[in-house]
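K.L.:
Quick one: the structure is below, questions incoming.
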Amino acid sequence: MHIRLSEAPTMTKTPPFFFAFKRHTGVSEIIAAIILFTITLTISSLSIAFLSQRASIASKSITSDVQRATLKSMATIKLIDVVQLDNESIIVLYNPSDIKIKIAAIIVGGFSQRVNKVMEPMSITQLNLSMTSQSLPRDEIYVLTSEGVLIHVKT
(Lines give C-alpha, C1' and ligand atoms only; values in the text may rest on other atoms or scores of the structure.)
Protein backbone atom coordinates (compact mmCIF):
# COMPACT_ATOMS: atom_id res chain seq x y z
CA MET A 1 0.00 0.00 0.00
CA HIS A 2 1.33 3.28 -1.01
CA ILE A 3 0.44 6.38 0.87
CA ARG A 4 0.58 9.60 -0.85
CA LEU A 5 2.07 12.49 0.98
CA SER A 6 -1.08 14.50 0.70
CA GLU A 7 -3.02 11.77 2.37
CA ALA A 8 -0.50 10.98 5.02
CA PRO A 9 -1.66 11.67 8.57
CA THR A 10 -0.01 14.73 9.97
CA MET A 11 1.57 14.56 13.31
CA THR A 12 1.18 17.71 15.23
CA LYS A 13 3.70 18.30 17.87
CA THR A 14 2.65 20.55 20.74
CA PRO A 15 5.22 23.25 21.45
CA PRO A 16 6.62 23.72 24.91
CA PHE A 17 4.76 26.06 27.31
CA PHE A 18 7.03 29.11 26.97
CA PHE A 19 6.49 29.10 23.20
CA ALA A 20 2.72 29.36 23.69
CA PHE A 21 3.10 33.12 24.22
CA LYS A 22 4.31 34.64 21.04
CA ARG A 23 6.82 37.39 21.47
CA HIS A 24 5.94 40.37 19.34
CA THR A 25 9.22 42.03 18.71
CA GLY A 26 9.18 45.84 18.88
CA VAL A 27 5.72 46.36 20.40
CA SER A 28 6.73 46.41 24.07
CA GLU A 29 9.67 48.68 23.31
CA ILE A 30 7.37 51.21 21.60
CA ILE A 31 4.90 51.14 24.49
CA ALA A 32 7.73 51.61 27.00
CA ALA A 33 9.06 54.56 25.00
CA ILE A 34 5.60 56.15 24.89
CA ILE A 35 5.17 55.71 28.65
CA LEU A 36 8.61 57.19 29.38
CA PHE A 37 7.94 60.11 27.04
CA THR A 38 4.58 60.79 28.74
CA ILE A 39 6.13 60.70 32.21
CA THR A 40 8.99 62.98 31.13
CA LEU A 41 6.59 65.42 29.47
CA THR A 42 4.35 65.54 32.56
CA ILE A 43 7.23 66.14 34.96
CA SER A 44 8.79 68.82 32.74
CA SER A 45 5.47 70.67 32.28
CA LEU A 46 4.86 70.65 36.04
CA SER A 47 8.39 71.92 36.64
CA ILE A 48 7.99 74.71 34.10
CA ALA A 49 4.64 75.76 35.61
CA PHE A 50 6.12 75.81 39.12
CA LEU A 51 9.20 77.78 38.08
CA SER A 52 7.21 80.33 36.09
CA GLN A 53 4.89 80.87 39.06
CA ARG A 54 7.89 81.42 41.34
CA ALA A 55 9.39 83.88 38.85
CA SER A 56 6.08 85.74 38.62
CA ILE A 57 5.84 86.06 42.40
CA ALA A 58 9.43 87.26 42.60
CA SER A 59 8.92 89.86 39.86
CA LYS A 60 5.76 91.17 41.54
CA SER A 61 7.66 91.51 44.81
CA ILE A 62 10.48 93.37 43.10
CA THR A 63 8.00 95.64 41.31
CA SER A 64 6.22 96.55 44.53
CA ASP A 65 9.57 97.20 46.27
CA VAL A 66 10.60 99.51 43.43
CA GLN A 67 7.27 101.36 43.63
CA ARG A 68 7.65 101.80 47.38
CA ALA A 69 11.22 103.06 47.04
CA THR A 70 10.16 105.49 44.31
CA LEU A 71 7.32 106.81 46.43
CA LYS A 72 9.57 107.20 49.49
CA SER A 73 12.23 109.10 47.62
CA MET A 74 10.37 111.15 45.02
CA ALA A 75 6.74 111.64 46.03
CA THR A 76 5.80 114.98 47.55
CA ILE A 77 2.41 116.39 48.40
CA LYS A 78 1.75 120.04 49.15
CA LEU A 79 -1.16 121.46 51.09
CA ILE A 80 -2.96 124.21 49.21
CA ASP A 81 -5.94 124.95 51.43
CA VAL A 82 -8.05 123.68 54.32
CA VAL A 83 -11.73 124.63 54.42
CA GLN A 84 -13.78 123.78 57.47
CA LEU A 85 -17.53 123.47 57.20
CA ASP A 86 -20.12 122.56 59.85
CA ASN A 87 -19.76 118.79 59.73
CA GLU A 88 -16.82 118.21 57.38
CA SER A 89 -13.46 119.57 56.33
CA ILE A 90 -12.15 119.94 52.81
CA ILE A 91 -8.43 119.53 52.23
CA VAL A 92 -7.00 120.60 48.88
CA LEU A 93 -3.71 118.88 47.97
CA TYR A 94 -1.25 119.29 45.11
CA ASN A 95 1.00 116.59 43.68
CA PRO A 96 4.04 118.36 42.14
CA SER A 97 5.91 115.12 41.46
CA ASP A 98 5.88 112.96 38.33
CA ILE A 99 4.49 109.99 40.23
CA LYS A 100 0.91 108.77 40.51
CA ILE A 101 -0.01 108.51 44.20
CA LYS A 102 -2.78 106.15 45.31
CA ILE A 103 -4.12 107.47 48.61
CA ALA A 104 -5.49 104.80 50.96
CA ALA A 105 -5.90 106.96 54.09
CA ILE A 106 -5.25 110.46 55.34
CA ILE A 107 -4.07 111.15 58.89
CA VAL A 108 -4.69 114.60 60.37
CA GLY A 109 -3.48 115.21 63.92
CA GLY A 110 -3.88 111.59 64.98
CA PHE A 111 -7.30 111.21 63.32
CA SER A 112 -7.33 108.90 60.30
CA GLN A 113 -9.91 108.42 57.60
CA ARG A 114 -9.90 105.90 54.78
CA VAL A 115 -9.82 107.53 51.36
CA ASN A 116 -9.74 105.90 47.97
CA LYS A 117 -8.29 108.58 45.69
CA VAL A 118 -5.62 108.69 43.04
CA MET A 119 -3.50 111.80 42.69
CA GLU A 120 -2.26 112.11 39.15
CA PRO A 121 1.11 113.81 38.56
CA MET A 122 0.99 117.62 38.54
CA SER A 123 -2.64 117.68 39.66
CA ILE A 124 -4.80 119.12 42.43
CA THR A 125 -7.03 116.82 44.47
CA GLN A 126 -9.80 117.67 46.92
CA LEU A 127 -10.47 115.40 49.89
CA ASN A 128 -13.64 115.63 51.99
CA LEU A 129 -13.09 114.55 55.58
CA SER A 130 -15.76 113.96 58.18
CA MET A 131 -13.97 115.79 61.00
CA THR A 132 -15.69 117.75 63.71
CA SER A 133 -12.73 119.61 65.21
CA GLN A 134 -12.64 123.33 64.53
CA SER A 135 -8.92 123.68 63.85
CA LEU A 136 -6.96 121.20 61.77
CA PRO A 137 -3.24 121.07 62.52
CA ARG A 138 -1.74 122.00 59.16
CA ASP A 139 1.70 120.61 60.03
CA GLU A 140 0.37 117.21 61.12
CA ILE A 141 -1.19 115.97 57.87
CA TYR A 142 0.05 112.65 56.49
CA VAL A 143 -1.01 110.56 53.51
CA LEU A 144 -0.85 106.77 53.60
CA THR A 145 -0.54 105.25 50.15
CA SER A 146 -1.91 101.90 49.05
CA GLU A 147 1.69 100.67 48.87
CA GLY A 148 2.10 101.38 52.59
CA VAL A 149 4.25 104.51 52.29
CA LEU A 150 3.57 107.38 54.72
CA ILE A 151 4.08 110.80 53.11
CA HIS A 152 4.20 113.99 55.16
CA VAL A 153 2.15 116.76 53.52
CA LYS A 154 4.20 119.92 53.21
CA THR A 155 2.58 123.28 53.97
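K.L.:
Of (1) crowded, with 17+ Cβ neighbours inside 10 Å; (2) free of Cβ contacts under 8 Å to residues at least 60 places away in the same chain; (3) not basic (Lys, Arg); (4) not in a loop (DSSP other than H, G, I, E, B), LEU136 satisfies all except one. Which?
P.N.:
LEU136 satisfies every listed condition except (4).
K.L.:
Which numbered condition in (1) at pLDDT 85 or above; (2) closer than 20 Å to GLU147 by Cα is the only one that PHE50 fails?
P.N.:
(2)
K.L.:
Please list, ordered by residue number, the strands (runs of 3 or more DSSP E) wholly in the range 61-123 having 3 or more residues that are among the aliphatic types (A, V, I, L, M), over 18 Å from HIS152 (Cβ atoms) and outside the structural domain of LEU136 (by TED's automatic domain parsing).
P.N.:
Values: elements: 77-84, 89-95, 101-108, 111-119.
Fully inside the range 61-123 and qualifying: nothing.
K.L.:
Continuing with this model, one more query. Would you call THR125 among the hydroxyl-bearing types (Ser, Thr, Tyr) and closer than 17 Å to ILE141 by Cβ?
P.N.:
Numbers: among the hydroxyl-bearing types (Ser, Thr, Tyr): yes; closer than 17 Å to ILE141 by Cβ: yes.
It is true that THR125 is among the hydroxyl-bearing types (Ser, Thr, Tyr) and closer than 17 Å to ILE141 by Cβ.
The values are calculated or read from the model by the stated rules, or taken from the named source; none is laboratory data. Computed from a predicted model, the values in this text were never measured in an experiment. No Cβ is skipped: glycine too gets one built from the backbone with ideal geometry, and neighbour counts run over all protein chains shown.
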